[in-house]
Amino acid sequence: MRFIDLETQQDRIRTDLEEGIHRVLHHGRYVLGDEIDQLEAQLAEMSGAPHCICVSSGTDALLAALMAIELKPGDEVITSPFTFFSTAETIALLGGVPIYVDIDPETFNLDPGRIDAAISPRTRAIMPVSLYGQCAEMDEINAIARHHTLRVIEDAAQSFGASFHGRRSCALSDLACTSFFPAKPLGAYGDGGACFTQDASLANRLRQIRDHGQEGRYHHTTLGINGRLDTIQAAVLIAKLKIFPDETVARQRVADRYAELLADLAETGCITLPVVRSYNTSSWAQYTIRVADREGIQQRLAEQGIPSAVHYPAPLYDQPALLQSGQDCPESDRAAREVLSLPMHPYLDDATQLKIVQSLQEALASSAGIQPEAAAQEA
């Protein structure tokens with residue numbers, strides 16, 4: 001069993017994939033070829049953001065966005081401690097200081113009610129993370145930012161394709177960044193990412209930053225990075241975009257099926273199901289539940305051939321490279337102890353989901369000291 005099934009997806013789009021890659025091999029423009037422009041136009045249209053700038057990874061997207069707002073050493077950026085390392089890593093790489101605000105225990109996203117208390121004279125931006133595919137509370141966050149004259153950068157690495165009050169992730173703030181890592185809902189066959197913005201001047205600056213700060217060949221007006229998405233990855237993503245809307249619907253069906261199959265376990269309190277706000281749709285990058293005895297349950301699932309993952313096992317302030325003691329984020333601490341992600345992809349069929357849920361039920365029963373036969377009878 002696969003945690004994410006890219007092989008079935010590849011079979012579905014093989015002709016478009018091969019034709020697209022062949023075109024790149026034929027014209028030979030492997031860096032910033034025409035496919036980059038085509039992909040950026042399609043991503044901008046799908047997101048609703050006027051400007052899309054493709055880059056070499058989700059991490060480089062965050063880095064370029066912070067460079068575009070001219071983050072300086074000592075500047076503070078408010079963000080979530082419960083996310084992937086690159087969110088805070090990019091802040092620190094530029095000499096900035098991540099300021100952590102605890103999460104909402106239901107959505108795992110930044111709690112906007114805690115942001116004001118974290119703002120200081122050194123605060124430069126707020127970087128909410130739209131975790132697991134659900135948008136953060138962007139309207140509240142934008143309102144706080146406007147009041148304090150701060151920039152907002154949505155870390156949408158997991159939420160491309162999601163919506164918030166009918167508007168799309170990546171078009172909800174000054175800047176947004178997504179990732180095309182292969183495991184993402186829209187993934188390349190290698191690293192890739194994109195920045196989105198409403199601001200033409202920011203878009204122009206981002207295009208310079210991703211190409212060593214060039215404004216025309218060999219004319220460097222600012223410092224930048226080697227952050228260009230390669231053309232072959234663009235061809236892959238163009239092929240995948242054709243089926244992305246269908247896959248998004250399929251992911252929702254898989255999530256709905258999980259909710260139905262796991263309802264009884266949730267009622268007993270053995271697990272906590274993910275919560276998507278009524279005004280949101282999720283891209284379901286992950287299907288993440290809460291459990292006690294996570295390590296034991298994960299081991300028992302593995303013994304039955306069921307893959308699972310932990311997103312994420314430690315808040316960022318506990319990571320050795322970013323160690324910041326004395327953080328008051330109890331919900332992030334608790335989430336790091338309890339979260340468990342189950343297999344999630346558009347090609348997960350009903351029979352496989354049923355097997356996953358039955359195996360989870362047995363693992364929970366074993367953790368509670370109940371014999372598998374008794375657990376089956378209770379089911």
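When each of 106, 76 is tested for being farther than 23 Å from residue 146 by Cα, in the same structural domain as residue 176 (by TED's automatic domain parsing) and not hydroxyl-bearing (Ser, Thr, Tyr), the lone residue that passes is 106.
Would you be able to tell me the number of residues in the range 258-286 that are among the hydroxyl-bearing types (Ser, Thr, Tyr), within 18 Å of residue 353 (Cβ to Cβ) and over 15 Å from the mean Cα position of the chain (by Cα)?
The qualifying residues number 1.
Checking each residue in the range 17-40 for being buried (at least 17 other Cβ atoms within 10 Å of the Cβ) and touching a Lys or Arg at 6+ places or on another chain (Cβ under 7 Å) picks out only 32.
Screening the range 168-182 for residues that are among the hydrophobic types (A, V, I, L, M, F, W, C) and under 14 Å from residue 237 (Cβ atoms) and picking the one that is surrounded by the fewest Cβ atoms within 10 Å (Cβ to Cβ) gives 181.
One residue alone among 223, 202, 206 is surrounded by fewer than 23 Cβ atoms within 10 Å (Cβ to Cβ) and not in a loop (DSSP other than H, G, I, E, B), and that residue is 202. The residues of the range 299-330 that are surrounded by fewer than 19 Cβ atoms within 10 Å (Cβ to Cβ), touching a residue at least 60 places away in the same chain (Cβ under 8 Å) and polar (S, T, N, Q), listed by number, are 319, 324, 327. Count of the range 259-287 residues, restricted to those that are surrounded by 19 or more Cβ atoms within 10 Å (Cβ to Cβ) and β-branched (Val, Ile, Thr), is 3. Of everything listed in (1) touching a Ser or Thr at 6+ places or on another chain (Cβ under 9 Å); (2) in a helix (DSSP H, G or I); (3) closer than 25 Å to residue 6 by Cβ; (4) not polar (S, T, N, Q), the single unmet condition for residue 184 is (2).
Restricting attention to the range 241-261 and to residues that are among the β-branched types (Val, Ile, Thr) and in a helix (DSSP H, G or I), the residue that is farthest from residue 17 (Cα to Cα) turns out to be 254.
Screening the range 269-379 for helices (runs of 4 or more DSSP H) wholly inside it with 2 or more residues that are at pLDDT 95 or above and under 29 Å from residue 81 (Cβ atoms) returns the ranges 294-303, 330-338, 350-367. Considering only residues in the range 348-367 that are over 27 Å from the mean Cα position of the chain (by Cα) and without any contact (Cβ under 8 Å) to a residue 24 or more places away in the chain, the one that is surrounded by the fewest Cβ atoms within 10 Å (Cβ to Cβ) turns out to be 351.
The values are calculated or read from the model by the stated rules, or taken from the named source; none is laboratory data. For clarity, every value in this text was computed on a predicted model and none was experimentally measured. No Cβ is skipped: glycine too gets one built from the backbone with ideal geometry, and neighbour counts run over all protein chains shown.
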